[in-house]
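One structure is given below, encoded as structure tokens.
What follows is calculated from the coordinates using simple rules that are stated; it is not laboratory data. All values derive from a computational prediction rather than experimental measurement. No Cβ is skipped: glycine too gets one built from the backbone with ideal geometry, and neighbour counts run over all protein chains shown.
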Amino acid sequence: MSFMHIHDIMDRDGRTISFEFFPPATDMAATTLETRLEQFAALKPSFVSVTYGGGGSTRARTHDLVLRLQSRGVLDPVPHLTCLCHGRSEIAQVLEQYAAVGIGNLLALRGDMPRESATGGSSDYQYAVDLVTHIVEFNGSGAHPGPRGFGIGVAGFPEGHADTPNQLVHMDHLKAKVDAGADWITTQLFADNSHFLDWRERCELRGIEVPIVAGIMPITSLATMKRMADLAAGMTFPAKLQRRLMRHQDDAASIEQIGIQWAVEQCNDLLDTGVSGIHFYTLNRSDATKRIFEALGAGTSADLR
Ligand SMILES: Cc1cc2nc3c(=O)[nH]c(=O)nc-3n(C[C@H](O)[C@H](O)[C@H](O)COP(=O)(O)OP(=O)(O)OC[C@H]3O[C@@H](n4cnc5c(N)ncnc54)[C@H](O)[C@@H]3O)c2cc1C
């Protein structure tokens, strides 16, 4: 069984370049993703992550895609796992299943309360830190085939998180996740690098020393932009970007070009300022990711390290 802990991946790559997929909901979407996996693989990412529907709504589909990727051995999958609305035994079962097939790393999240369940059902976990603690315990039990167990990633929010308007307190909560055993942080998507760079400095000041991977998602249409604003509550779209988009609002191809160009500018700036990694929210679309790589002059991820 071959697998790599995130520390090994980071030692190998220096800077990680990774992609996020979501588990396809239909057979047709699964076939489409299947055809794109080769294109994603050609870009040689450090790893790919697979989202997990809030409350476990995509548990089986996430698991299927993770296993499919793992069995091919080309793209190293990092499953997301959310803990809200889950019991400890359910989570233990998921951890055992992933350990059994040699998954090396997980992104440990709280998740949000599913819309259909106002009461949320019972949950043995309140916050992501509780899940991190559970995974650390699991790692300590020796149930994972690797000597260090699962590498653990957690979410970070450069523009804050709606549940905790007090940014100092929110930073304390991020520190608690790292102190509990998180190995790295992947950020929420952002379109204004100044927010990321200032927040990264604030993380340093708070004593957070794990690598911080920047989350980037290109705007490919005005509808995507609205979806991003929804997904990443509090996200700012700079006036400069909005002006560029407004000049071409009736031209879909130009909007996509501007969105990709903006993401390229963000990536170049992040690379120049020594980012530990870039995580592309791909929405399972390889074309936009490929165009960003081309504009960055990169044939593969290795050219961005
Ligand atoms: C990179 C990334 C990937 C994601 N992937 C998924 C996914 O696959 N599936 C999905 O459903 N969602 C996903 N999300 C969304 C995420 O689950 C939500 O944004 C959720 O609201 C916060 O998750 P968290 O893990 O940061 O939670 P937490 O770290 O638990 O934080 C949630 C809120 O609670 C506060 N808090 C934490 N600890 C305490 C405490 N002790 N007392 C009081 N307040 C506290 C925090 O400040 C924050 O406001 C992802 C987000 C990111 C950034």
Pairs, first closer than 19 Å to ILE278 by Cβ and touching a residue at least 60 places away in the same chain (Cβ under 8 Å) in the stretch 30-57, second within 16 Å of the ligand (Cβ to nearest atom) and small (Gly, Ala, Ser), C-beta under 7 Å, six or more apart: PRO45/SER18; SER46/SER18; SER49/SER18
Close pairs (8 angstrom Cβ cut-off, 6 or more residues apart or separate chains): in a loop (DSSP other than H, G, I, E, B) in the stretch 6-17, buried (at least 20 other Cβ atoms within 10 Å of the Cβ) anywhere: ARG15/VAL275; ARG15/GLY277; ARG15/ILE278; ARG15/LEU304
Subset tally (residues that are free of Cβ contacts under 8 Å to residues at least 40 places away in the same chain and in a helix (DSSP H, G or I)) for the stretch 240-255: 10
Residue check, VAL78 touching a strand residue (DSSP E or B) at 6+ places or on another chain (Cβ under 7 Å), crowded, with 22+ Cβ neighbours inside 10 Å, assigned to a strand (DSSP E or B) and not hydroxyl-bearing (Ser, Thr, Tyr): yes
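Would you mention how many residues in the stretch 157-178 are over 26 Å from ALA92 (Cβ atoms), surrounded by 19 or more Cβ atoms within 10 Å (Cβ to Cβ) and within 9 Å of the ligand (Cβ to nearest atom)? Show your work before the answer.
Looking only at the stretch 157-178, we keep the residues that are over 26 Å from ALA92 (Cβ atoms), and these are 157-172, 175.
Keeping just the survivors that are surrounded by 19 or more Cβ atoms within 10 Å (Cβ to Cβ) gives 157-159, 171.
From the residues that got through so far, the ones that are within 9 Å of the ligand (Cβ to nearest atom) too are 157, 171.
The qualifying residues number 2.
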Pick from the stretch 247-305, criterion hydroxyl-bearing (Ser, Thr, Tyr) and farther than 21 Å from MET225 by Cα, ranking: surrounded by the fewest Cβ atoms within 10 Å (Cβ to Cβ): THR273
Qualifying residue in the stretch 190-213 (condition: of a type in the set (Gly, Ala, Ser), touching a residue at least 12 places away in the same chain (Cβ under 8 Å), buried (at least 23 other Cβ atoms within 10 Å of the Cβ) and more than 13 Å from the ligand (Cβ to nearest atom)): yes
